[in-house]
Amino acid sequence: MAIKGKGKTKSRQVSRAPRHEPVAVKKPFAQRGWVRGLVLFMCGVLALSVTWWAYAGIDKQRNASKAADAQAQQQAAVSAWKVNIEGALSSVGQVQGGATPQIATDVGTAITDLGKGTDAGVTADQLTSEADKLETAAKTLAGFKLTDTIVNHGFDQTQTDLITTIQPEVESGLRSLAVAARLTALAMQDPANADELLAEAKTANASGQDLIERGWSSYTNIATLAGMPPPLPQPAGAGGLPQGLGG
């Protein structure tokens, strides 16, 4: 029988070191996807904000320039209109700042005094002459081409519609005061029918004063809008044109 040799021994395998799984290295913070996305988003917002700010500034400047041009055109139109309307009213009374012009106030006083049976303070001829001047002032207003003056001068449609009603309103007021003056003169010349004539004169005078007051209020609003507000009224006793033409 063969005897196995004992000199040879089986080599033992040395156990291998445990394998290490690869460790993922994290990207630097600035290179992470969500960080880049956030940065891009913030840059977009900033760019949009800067663009909007620049556009708003340019638009604001453009609008300011347009407003300045419109007001300059309005002032040119109102300046021409001012000469006409204030000149016409000044020829028959007192125009003082933004206050309602004092036009033919002696007519109303005469109506009141005659109704009380007291002296009117004016003669029939003076009242007739005043009526002529009131009608002349009305014709001056009527002859002014207001629509041509304000068209394409920075007024919108609403403002234009308002302006075109002012001139006829004041004109009608002057004509009503002229009628009142003539009726009052007739009442002085015809005592038998004085009561009826004075009643009609009173109505015409009230209507005329109301029309002028309303028209003047609208005129001062438009003038103020155009940057040309009428000056403040002077204190009482500071002088000025006479309030009526009868004296």
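The single residue among G97, G117 that is surrounded by fewer than 21 Cβ atoms within 10 Å (Cβ to Cβ), over 30 Å from V151 (Cα atoms) and either at pLDDT 95 or above or of a type in the set (G, A, S) (or both) turns out to be G117. Just checking, how many residues over segment 100-114 are of a type in the set (G, A, S) and either under 18 Å from E171 (Cα atoms) or at pLDDT below 95 (or both)? So the count comes out to 1.
Results for (1) of a type in the set (V, I, T); (2) more than 23 Å from R175 (Cβ to Cβ); (3) modelled with pLDDT of 90 or more; (4) surrounded by fewer than 16 Cβ atoms within 10 Å (Cβ to Cβ), shown as yes or no for each residue.
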site	(1), (2), (3), (4)
T51	yes, yes, no, yes
A54	no, yes, no, yes
K60	no, yes, no, yes
K66	no, yes, no, yes
A77	no, yes, no, no
E86	no, no, yes, no
S90	no, no, yes, no
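In segment 155-165, the condition of being surrounded by 12 or more Cβ atoms within 10 Å (Cβ to Cβ) and assigned to a loop (DSSP other than H, G, I, E, B) is met by at least one residue.
The values are calculated or read from the model by the stated rules, or taken from the named source; none is laboratory data. Predicted model only: the values in this text are computed from it and were never measured. Ideal geometry is used to build each Cβ from the backbone, glycine not excepted, and the neighbour counts take in all protein chains shown.
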